[in-house]
Amino acid sequence: RKQAEVELREKEVQYRTLANSGMALIWTAGTDKLCNYFNEPWLKFTGRTLEQEIGNGWAEGVHPDDFDNCLKTYLTAFDKHEKFEMEYRLRHISGEYKWINDIGTPNYNSNGEFIGYIGHCFDITERKLVEESLRESEEQYKAVSEYSNNAICIVNEQAKIEWINSQMMNISGYTAEQILGVDSFVALLAPESIEFV
């Protein structure tokens, strides 16, 4: 028994070392849905102590606009013992909110009994800033294109038309509803002109 206890303690030390050595923010929760562990990267990220974070304390750092969806996603998955993935803003030690991607996975013991969840999170703030910048650039492009004398359309990766300017409707004679989602602008051309495409 003593040997088993020593081995168990050793495995716990190894787990803690592994959990604290990476960049992932790791948490665990018991069957009561309350968080009972946060690794050192999480605590460094939030600037809070383990005592402040355990239970529901971690939720104090979630952005108010994201809280309801965060809680709903967590509780719904927990009740079904399903894996979940969500993005929300968490208060950083700097005082600003940063975007994180949180992936929670049901945790089972060696007997196959559900014992809660283990989750790992990654800071995705840079990615979100790039996405926002791209969105703003696209909106600016669309605004400028609206005043162009040229017919302009945006085609996605599947070659479906997803945006057109007014001049495209004027020249083609089609409405936006008729054009958007069309597999290819070739389908909009007059039959006699297709051979030139």
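What the table shows:
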read-out	value
Residue match in region 123-142 (condition: open to solvent by less than 60 Å² (accessible area, probe 1.4 Å), at pLDDT 80 or above, under 21 Å from residue 79 (Cβ atoms) and of a type in the set (S, T, N, Q))	no
Among the residues listed as 80, 72, 142, 98, the single one being among the basic types (Lys, Arg) and in contact with a His (Cβ under 9 Å, 6 or more places away or on another chain)	98
Every residue from region 91-108 that is farther than 16 Å from residue 35 by Cα and under 17 Å from the mean Cα position of the chain (by Cα)	91, 97, 98, 99, 100, 101
Count of region 156-197 residues which are exposed (fewer than 10 other Cβ atoms within 10 Å of the Cβ), of a type in the set (Asp, Glu) and at pLDDT 75 or above	2
For residue 130: the one exception among (1) of a type in the set (Val, Ile, Thr); (2) in contact (Cβ under 8 Å) with a residue 24 or more places away in the chain; (3) within 30 Å of residue 97 (Cα to Cα)	(2)
Any hit, region 83-101, residues being open to solvent by less than 50 Å² (accessible area, probe 1.4 Å) and in contact (Cβ under 8 Å) with a residue 60 or more places away in the chain	yes
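The values are calculated or read from the model by the stated rules, or taken from the named source; none is laboratory data. The shown structure was predicted, so the numbers you read here are calculated from the model rather than taken from an experiment. Cβ sites come from the backbone with ideal geometry, for glycine too, and all protein chains shown count toward neighbours. With ligands, DNA and RNA removed, areas are computed over all heavy atoms of the protein, side chains included. Shrake-Rupley method; radii C 1.70, N 1.55, O 1.52, S 1.80 Å.
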